[in-house]
Structures are given as structure tokens and as C-alpha cells.
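Participant: This structure is in C-alpha cells; I'll ask about it shortly.
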Amino acid sequence: MKLILFGPPGAGKGTQAKLLTKCFKLPHISTGDILRNEVKNNTDLGRQAKGFMDSGKLVPDTLVTEMVKKRMAAKDLEKGFILDGYPRTVSQARSLDEILETGIDTAVYLSTSEKVVVQRLTGRRVCSKCGTNYHLVNMPPKKDMLCDQCQVPLYQRPDDNEATVRNRLKVYLEESSGVLDYYRKQNKLENVSGDLDSEEVCKIISKNIFGSLK
Ligand code: AMP
């Protein structure tokens, strides 16, 4: 199963990828996570990507596609993968088809309202050690802004402040319709509401897309 999770920032792509990975034992590839890791390790790619990421812009296609190409060559993807955060432009969607040769199986579009996106992202806090996401209101940690498992302080992603979130949404809206049309024409687009509770969304994807695979 070669599955793409597509939708605005804050639609729950990362959350769904983690839930589905647990159920279906497929590797989760997140271009945002890979890029944040490159920035953390101060690599060449990380230094080139940081400015774009901090201001909510897209990292140039050539850089991201090269990174995805390398990841796709790894041996652990024989049974498929869950890809979150790529493609974000039509040019990336075309590149992905070229890299995979036979293309993807399904692109799940998590359509989500702007109000929900802004509320989710501005309240999101992340464990600096294990990467678990929390939310100030929807899913607070048990005590003192510490991760329940690791007991280390939670932080706010630099691109989760309201101004940058609105910019990320604007960038998304400019690019998204092309990507949606691209997969709609291939008959591979599945629409699921990202406004629903994450367990509910996961149930719908499991039933409608993975079906009897479970
Ligand atoms: P995410 O964690 O998916 O929200 O991604 C965080 C940031 O990483 C985005 O706002 C972009 O700056 C960058 N990024 C992640 N994936 C891509 C991509 N496919 N193309 C361009 N930039 C990306």
C-alpha cells in the first residue's frame, strides 16, 4: 500500500500516519520530520531549508524531491509506506510518479476547516525527545508541560505561531487544488473529513482504504 496523506497543515496528517503505522505496520515517511531533523543536525540541507520552514514557505521542490528520492530507495519500503507532507505541489506529484514508476495507490485528502487548523496548530506542543504531539486544550500533558512518557519539557514548533500558521495555510491553498486535481484525474483521491476526531478519521481510512488488509 503506497498511501499519501494530503491536506492543510493541521489536518492531522502526522497523527493519522502514526495511528495507521501502528495498525498496518507500514513505514511512516514525513518530509517535515526529515527536514526538521536536518535543521537540528545543522546539515547542508538543513541550513538551506531552515529559512523557508521558519517563515511557513515551501522548501524548493528540487531539494525536497532529492531527499524523497533517497528515502524511497531504502529497503524497508517493499510493502509500501504512508507518506505525509509530500507531494505539496504538482511538480512534486509528477516527480513522485517518476520515482515510484508505478505511482501511488491512494491519496487521502483530509479536508479541514481553517478555524480547526488554526486552533489545532497554535495550541500544539511537542515533546523534544520522542516527538509526541500534545495540545494545550484538546490533549494537555498530565503535568507541568512535560511529556507524559519522557518527562522532558514540551516546546512549540517555531512555525506554529499564528502569523506563520496563516502563511502556511495561504501557501497550501495556492498549491493544493493542483495536487488534488492531479490525483482526482488518476482516480486515486479519497476525501475524508479532517475536522473529525482523530480516532474516527482513522476508523474511516482503515475501513474505506485498507479494508480487509487489517
Ligand atoms: P510539516 O511538518 O509537514 O507541516 O512541514 C513543515 C515545513 O517543512 C513546511 O512548512 C515546509 O516549509 C517544509 N516542507 C515539508 N514538506 C515539504 C514539501 N513536500 N515541499 C516543500 N516544503 C516542505
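The values are calculated or read from the model by the stated rules, or taken from the named source; none is laboratory data. Not measured: the values here are computed from a predicted model. A quick note on method: Cβ atoms are made from the backbone with ideal geometry, for glycine too, and the neighbour counts reach across all protein chains shown. Accessible surface areas use protein heavy atoms only, side chains included; no ligands, DNA or RNA. Shrake-Rupley method; radii C 1.70, N 1.55, O 1.52, S 1.80 Å.
Participant: Search the stretch 35-48 for residues that are free of Cβ contacts under 8 Å to residues at least 60 places away in the same chain and pair each with any residue that is basic (Lys, Arg) and within 11 Å of the ligand (Cβ to nearest atom) when their beta-carbon atoms are under 7 Å apart and the residues are at least 6 apart or on different chains.
Facilitator: Here the result reads Val39/Lys50, each pair linking the stretch 35-48 to a residue that is basic (Lys, Arg) and within 11 Å of the ligand (Cβ to nearest atom).
Participant: Identify, please: which residue in the stretch 67-88 is touching a Ser or Thr at 6+ places or on another chain (Cβ under 7 Å) and within 23 Å of Asn167 (Cα to Cα) and is, among those, farthest from the ligand (Cβ to nearest atom)?
Facilitator: Ranking the qualifying residues of the stretch 67-88, first place goes to Asp84.
Participant: Then there is this: Out of the residues in the stretch 15-31 that are open to solvent by 20 Å² or more (accessible area, probe 1.4 Å) and within 14 Å of the ligand (Cβ to nearest atom), which is nearest to Asp159 (Cα to Cα)?
Facilitator: Of all residues in the stretch 15-31, those open to solvent by 20 Å² or more (accessible area, probe 1.4 Å) come to 15, 18-19, 21-25, 27-28.
Pick out the ones that are also within 14 Å of the ligand (Cβ to nearest atom) and you get 15, 18, 28.
Numbers: Thr15: 18, Lys18: 21, His28: 22 Å.
So the residue we want is Thr15.
Participant: Still on this structure, I have one more. Are any of the residues in the stretch 151-158 open to solvent by less than 70 Å² (accessible area, probe 1.4 Å) and either at pLDDT below 95 or under 23 Å from Met1 (Cα atoms) (or both)?
Facilitator: Within the stretch 151-158, the first condition is being open to solvent by less than 70 Å² (accessible area, probe 1.4 Å), and the residues that meet it are 152, 154, 157.
Restricting the remaining residues to those that are either at pLDDT below 95 or under 23 Å from Met1 (Cα atoms) (or both) gives 157.
So far as the stretch 151-158 goes, yes, one or more of its residues are open to solvent by less than 70 Å² (accessible area, probe 1.4 Å) and either at pLDDT below 95 or under 23 Å from Met1 (Cα atoms) (or both).
Participant: Restricting the search to the stretch 19-76, which residues are over 17 Å from Leu5 (Cα atoms), of a type in the set (Val, Ile, Thr) and in contact with a Lys or Arg (Cβ under 7 Å, 6 or more places away or on another chain)?
Facilitator: Within the stretch 19-76, Val39 is the sole residue that qualifies.
Participant: Among (1) away from the ligand (no atom under 12 Å from the Cβ); (2) open to solvent by less than 30 Å² (accessible area, probe 1.4 Å); (3) modelled with pLDDT of 95 or more, where does Gly46 come up short?
Facilitator: (1)
Participant: Sticking with this one: Determine the pairs where a residue that is more than 30 Å from Leu154 (Cα to Cα), located within the stretch 98-122, has a partner that is open to solvent by 40 Å² or more (accessible area, probe 1.4 Å) and in a helix (DSSP H, G or I) with Cβ atoms under 7 Å apart, the partner being 6 or more residues away or on another chain.
Facilitator: Ile99/Lys69
Participant: Only residues that are touching a residue at least 24 places away in the same chain (Cβ under 8 Å) and open to solvent by 40 Å² or more (accessible area, probe 1.4 Å): list them for the stretch 126-150, please. Break it down into steps so the answer makes sense when it comes.
Facilitator: Of the stretch 126-150, the ones touching a residue at least 24 places away in the same chain (Cβ under 8 Å) are 126-128, 131, 133.
Those that are touching a residue at least 24 places away in the same chain (Cβ under 8 Å) and open to solvent by 40 Å² or more (accessible area, probe 1.4 Å): Ser128, Asn133.
Participant: Let me confirm something: among Asp44, Asp33, Asp61, which residue is of a type outside the set (Lys, Arg) and under 20 Å from Gly103 (Cβ atoms)? Give the steps one after another, and end with the answer.
Facilitator: Working: Asp44 fails: under 20 Å from Gly103 (Cβ atoms); Asp33 fails: under 20 Å from Gly103 (Cβ atoms).
Going through Asp44, Asp33, Asp61 in turn, the sole match is Asp61.
Participant: Considering (1) touching a residue at least 40 places away in the same chain (Cβ under 8 Å); (2) within 10 Å of the ligand (Cβ to nearest atom); (3) open to solvent by less than 50 Å² (accessible area, probe 1.4 Å), say which one Val64 fails and leave the rest.
Facilitator: So the condition that Val64 fails would be (1).
Participant: Please tell me if Arg36 is near the ligand (Cβ under 9 Å from one of its atoms), basic (Lys, Arg) and closer than 30 Å to Ser206 by Cβ. I'd like the intermediate steps shown before the answer.
Facilitator: Numbers: near the ligand (Cβ under 9 Å from one of its atoms): yes; basic (Lys, Arg): yes; closer than 30 Å to Ser206 by Cβ: yes.
Yes: the conditions hold for Arg36.
Participant: If we keep just the residues of the stretch 50-61 that are among the charged types (D, E, K, R) and closer than 14 Å to Arg88 by Cα, which is most open to solvent (accessible area, probe 1.4 Å)? Write out each step before concluding.
Facilitator: Taking the stretch 50-61 first, the residues among the charged types (D, E, K, R) are 50, 54, 57, 61.
Of the ones still in play, those that are also closer than 14 Å to Arg88 by Cα are 57, 61.
Details: Lys57: 118, Asp61: 47 Å².
Ranking the candidates gives Lys57 first.
Participant: Looking at the stretch 182-198, which of its residues are assigned to a helix (DSSP H, G or I) and in contact (Cβ under 8 Å) with a residue 60 or more places away in the chain? Step through it out loud before you land on a result.
Facilitator: Residues of the stretch 182-198 that are assigned to a helix (DSSP H, G or I), as a first pass: 182-185, 198.
Passing the criteria: Tyr182, Tyr183, Ser198.
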